[in-house]
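We did not get these values from a lab; they are worked out from the coordinates using the rules stated. Just so it is clear, the model here is predicted, and its values are computed rather than measured. As a convention, Cβ positions derive from the backbone with ideal geometry for all residues, glycine included, and neighbour counts pool all protein chains shown.
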Amino acid sequence: MSEILEMLFGSKSRVRVLRLFLLNPENEYSVDEVAQKNMITPASVRKEITLLKKISFIKEKTKKGKKIYCLDQQFHFYPELKSLISKSTASPESKSLARLKSLGDVKLALVSGIFLNYPKSKVDMVLVVNNVNRSRLKNLMNSLEAEIGREVSFALMNSEEFKYRLDMLDRFLLDFLEGPHTELVDKIPGLKRFILGLKKY
């Protein structure tokens with residue numbers, strides 16, 4: 001068994017491939033899809049898949065003449081590895097999040113959901129950004145998803161829309177603010193006091 005564990009870890013590519021299959025156990029992927037989602041080369045993916053097939057971590061199938069791969073949920077260490085990977089993912093300190101401030105005039109950035117291992121949250125992030133750079137936002141989300149191994153859901157709005165929704169006591173926003181979340185950026189005057197008021201009732 002120790003030989004299997006030695007093969008499992010050893011490179012960033014391997015950890016990303018492991019995470020993708022462990023966090024999406026019902027999904028099937030081609031080599032190109034794994035490479036795209038993890039932002040690694042197809043050659044690296046093929047290398048990792050060869051190793052992971054040897055220890056029966058993933059299964060190979062053929063659909064329409066194309067090879068696809070999925071997690072073998074009978075793998076001996078599946079529950080333990082999934083727990084380990086979930087814990088490592090559930091952190092608001094993802095390296096890619098440091099790039100948030102490059103998106104534009106960022107007024108608010110809050111994370112919940114996948115970052116805090118809180119599945120009840122309707123989104124993983126709430127972003128309030130004025131003059132948002134859409135291409136940087138897309139690149140950031142791609143990097144986050146490669147790092148985390150799951151799709152990141154987010155709500156994006158500008159200051160005016162955020163204030164309007166807060167004034168209207170928008171249920172979606174209130175549910176997010178009342179639930180567990182971590183603040184990465186907060187330049188909204190009085191928001192902390194508002195959230196404290198919500199939690200008293």
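Between L166 and R46, 0.36 nm times their residue separation minus their Cα-Cα distance comes to what?
Values: separation 120, 0.36 × 120 = 43.20 nm, distance 4.85 nm.
Here the segment from L166 to R46 would lengthen by 38.4 nm.
Which whole-Hz ³J(HN,Hα) couplings does segment 131-144 yield from phi under the Karplus relation 6.51 cos²θ - 1.76 cosθ + 1.60, θ = phi - 60°, glycine and proline marked x?
3J(HN,Hα) across segment 131-144, in whole Hz: 6, 5, 8, 5, 5, 5, 4, 4, 5, 4, 5, 4, 5, 4.
Roughly how big is segment 2-89's charge dipole about its Cα centre, with Cβ charges of +1 (Lys, Arg) and -1 (Asp, Glu), in debye to the nearest 20? Display every interim value, and only then the final one.
Values: 17 positive and 10 negative charges, 60 e Å.
In debye, rounded to 20, segment 2-89 gives about 280.
Along segment 180-187, what does the Karplus equation 6.51 cos²θ - 1.76 cosθ + 1.60 (θ = phi - 60°) give for ³J(HN,Hα), rounded to whole Hz, x for Gly and Pro?
x, 7, 10, 8, 9, 9, 9, 10
What area, in nm² and to one decimal, does the C-alpha convex hull of the chain cast on average over all directions?
13.3 nm²
Take Y164, Y78 and order them by how many other Cβ atoms sit within 10 Å, fewest up front.
Y164, Y78
For segment 96-201, divide the Cα radius of gyration by the Kirkwood radius and give the resulting Rg/Rh value with two decimals.
0.95
Using a 10 Å cut-off around each Cβ, can you sort V17, V126, V132 from fewest to most neighbouring Cβ atoms?
V132, V126, V17
Which residue, N142, F194, L127, has the largest displacement toward the positive end of the dipole of segment 95-200 when charges sit on each Cβ (Lys, Arg +1; Asp, Glu -1)?
With unit charges placed on the Cβ atoms, the residue in question is F194.
Dipole of segment 103-201, Cα-centred, from +1 at each Lys and Arg C-beta and -1 at each Asp and Glu C-beta, to the nearest 20 debye?
180 debye
Report the extension gain between R193 and L174 in nm, rounded to one decimal, defined as 0.36 nm multiplied by the number of residues separating them, less their alpha carbon distance.
5.5 nm
How about K63: which aspartates and glutamates have a C-alpha closer than 14 Å to its C-alpha, ignoring those fewer than 8 places off in the same chain?
Cross-link targets: E28.
Rank these for me by crowding, L81, L166, L198, going from fewest to most other beta carbons within 10 Å.
Taking fewest neighbouring Cβ atoms as first place, the list is L198, L166, L81.
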